[in-house]
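One structure below.
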Amino acid sequence: MLLETIFSFMFLYVLSYSQKNDIIITGPGLNPIEIVMPARYFFINFTHINSQSYTPKLNKELVVEINGRSSDGKHCRVWVNKLDRKDGTFIVRYKIYETCSDLSIHVYYGKKEVAKSPYKFKGTIYADQCNCPEHQFQKWFKNYGCKDTYGQIKKDLKPFHNINMKEELQSIIKKYHQPESTSFCHYAIKQNKLYRNCYGKHVGFNMFSDNILLSLMRKVKLPDMDLVINLGDWPLVHRKDKPLPIFSWCGSDETYDIVMPTYDLTESALENMGRVTLDTLSVQSGAEIVWKEREPRAVWRGRDSRAERLKLIDIARANPDLFNASLTNFFFFRDKEAQYGPKQPHISFFKFFDFKYQINVDGTVAAYRMPYLLSGGGMILKQQSPYYEHFYSQLVPWEHFVPVRRDLSDLVDRVKWARDNDDKAQQIAVNARNFANNNLLPQNVICYHAALFWEWSKIIKSEVNIEENMAHVPQPSVTCNCKPEKPNTHEDL
Ligand SMILES: *[C@@H]1O[C@H](CO)[C@@H](O)[C@H](O)[C@H]1NC(C)=O
Ligand SMILES: *[C@@H]1O[C@H](CO)[C@@H](O)[C@H](O)[C@H]1NC(C)=O
């Protein structure tokens, strides 16, 4: 009798233990005190389910509730968004609109709390708009979950030592200030306040560089520094010239420009669950159909910004069983519209994943859609290119994408290869998404900027002066009760 009781007790224990443990919940959104983001996020993994055994019931039964208290004692405003990857894993995003305390995250499956739910947080949880910077950069960097090493940053900063920014700025203005063709801004950060002066005719894109700098400075006190950010797509500082320090969104094998995550990727991180609807998280639930039901053809849409894009149309027309590609706009080759047109309406980016393979051909520079293609869960055929974004050096051909010659001469063979090697093609798609989830999510984008600006600040030897022609770029005016900084911390001395 006793033995029986022990056995049944053990059985019950084992059952509930395993039920609890085949659901894994992880991610930076489970650390909302330290990791302030425009939209926080975490992952739920039903480890015993995959895309074959997935049913929509899973999504229906999974409920996430997030509650907290605002400063006036009422419920604080939180918006929750659940993304179903249809493979037994989910992304949960939540946006906090005001300072919250006593936040709790509840994850229910079939009305029962699962994994370690509820997750409760004692402490102040800031909205992203709160200007409450942590004063010790390295402490913040670690607590934010940033990686230790960034190879591209190391490579980009290598030519620069003991920089006197006053001199460099004069050289940059002298060499690159051509108002019709280039636009750039000189930024200065002093006592965690932002100032800028822009040069050139088209400076509207400074809203993107303003946004990321201000966003970072609300989270952590940045050291004093000056920097010049190029607002155009083309990198500027040719290898045959003296290396002048200019930060650009696109790098190339022929230039010295210091690469930052593109304005597109950065904005999609900062406007997550806001103005931007396509980002490296949302695209993961966009595909309507699973891999094996997708069309085994390569899809492409875009404008006519490079000759190879016209060539792609020729190839696609000659091989309609392998491709679905068309131009959506004519601007650079208007004279060829009769031949390559008529222009086709845009299709939703999410529709790209009705097809197994997606093509990435350069536009004027690197095609900034790469992060969304990697996250989307298809197999990428990428044109070889001298242009790169901040993460390309970490991508491995045949592991994360299938390389295609710059002149596209092997594109047809590559698509045929993918059709003949479906398992390998699917594995490349899986690897690509894993890469994106380790390197291209909003947390990674914020960390990359932080690491870059921190390393850069150490290279500047000149004092930062706010010149008369510089305008103060203010933080949004939001009232938050910031926690008092601990006095006499190391970096205050
Ligand atoms: C979910 O967990 C399983 C088991 O640990 C793992 O093999 C799988 O890669 C995870 N899925 C995702 C999308 O992280
Ligand atoms: C190409 O794809 C679009 C979007 O899915 C579809 O509407 C169109 O019919 C396809 N064209 C061909 C020729 O398959």
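Here the chain carries DSSP beta bridges of which approximately 70% are antiparallel, counting only pairs with both residues inside. Rounded to the nearest Hz, the phi-derived 3J(HN,Hα) couplings of segment 320-328 under the Karplus curve 6.51 cos²θ - 1.76 cosθ + 1.60 (θ = phi - 60°) are x, 6, 10, 9, 9, 9, 7, 8, 9, where x marks glycine and proline.
Can you give the net charge of the other residues whose Cβ lies under 14 Å from the Cβ of Lys86, counting K and R as +1 and D and E as -1? Could the numbers behind the result be given before it?
Numbers: positive: Lys57, Lys60, Lys82, Arg85, Lys292, Arg294, Arg433; negative: Asp84, Asp87, Glu288, Glu293, Asp354.
Result for the local shell: +2.
Contact order normalised by length for segment 282-440, with contacts defined as Cα pairs under 8 Å and 6 or more residues apart; what percent is it?
Computed value for segment 282-440: 24 percent relative contact order.
Take each peptide in 109-115, 474-480, 410-416, 216-222, count the other Cβ atoms within 10 Å of every residue, and average; sorted highest first, the result is 216-222, 410-416, 109-115, 474-480. Peptides 378-385, 141-148 ranked from most to least packed, by the mean per-residue count of other Cβ atoms within 10 Å: 378-385, 141-148. Please list, by residue number, everything in segment 278-308 whose backbone N is under 19 Å from a paramagnetic label point 7 Å out along Cα→Cβ of Glu337. Correct set: 302-307.
Order by neighbour count: Tyr372, Tyr97, fewest other Cβ atoms within 10 Å first, most last. Walk me through the numbers before you get to the answer.
Details: Tyr372 24, Tyr97 14.
Arranged by neighbour count, lowest to highest, Tyr372, Tyr97 become Tyr97, Tyr372.
Taking 7 Å steps out from each Cα toward its Cβ at Thr47 and Asn197 produces label points 5.9 nm apart. Partner aspartates and glutamates whose Cα lies under 16 Å from the Cα of Lys120, excluding those fewer than 8 positions away in the same chain, are identified as Glu34, Glu65, Asp102. Converting phi to 3J(HN,Hα) with the Karplus coefficients 6.51, -1.76 and 1.60 and the offset θ = phi - 60°, segment 203-208 yields 10, x, 5, 5, 4, 6 Hz in sequence order, with x at every glycine or proline.
The loop-placed chymotrypsin sites (Phe, Trp or Tyr not before Pro) in segment 283-334, going by DSSP, that have at most 11 neighbouring Cβ atoms within 10 Å of their Cβ come out as Phe331. So which of Lys95/Lys116; Lys242/Lys458; Lys82/Lys147; Lys190/Lys461 end up more than 18 Å apart, counting from Cα to Cα? Among Lys95/Lys116; Lys242/Lys458; Lys82/Lys147; Lys190/Lys461, the Cα-Cα distance tops 18 Å for Lys95/Lys116; Lys242/Lys458; Lys82/Lys147. Among residues other than His346 with Cβ under 12 Å from its Cβ, the summed charge is +4 (Lys and Arg +1, Asp and Glu -1).
At R0 = 51 Å, how high is the FRET efficiency between Lys424 and Val63 if r is their beta carbon distance? Nearest 0.05 is fine. All intermediate terms of the calculation are to be shown ahead of the outcome.
Numbers: r = 38 Å, r/R0 = 0.74.
Computed FRET efficiency for Lys424 and Val63 comes out at 0.85.
Say a paramagnetic label sat at a point 7 Å from the Cα of Glu463, along Cα to Cβ; which residues of segment 156-196 have their backbone N under 16 Å from it? Within reach of a label on Glu463, which here means backbone N under 16 Å from a point 7 Å along Cα→Cβ, segment 156-196 contributes 164-167, 189-191. Straight-line cross-link partners of Lys356 among the lysines, defined as a Cα under 19 Å from its Cα and at least 8 positions apart when in the same chain: Lys86, Lys292, Lys382, Lys416, Lys424.
Counting only helical runs of four or more DSSP H residues, what would the 222 nm mean residue ellipticity of the chain come to if each run contributes -39,500 (n - 2.57) and the total is spread over all its residues? Don't jump to the answer; show the numbers that get you there.
Details: 13 runs with 142 residues, N = 493.
Per the formula, -8500 deg cm²/dmol.
Each Lys and Arg contributes +1 and each Asp and Glu -1, all at the Cβ; summed about the Cα centre of segment 282-440, the dipole is approximately 240 debye.
Read-outs throughout are calculated quantities, based only on the coordinates presented, and are distinct from any laboratory measurement. Given the structure is predicted, the values throughout are model-derived calculations rather than measurements. Using ideal geometry, Cβ is built from the backbone for each residue, glycine included, and neighbour counts are taken over all protein chains shown.
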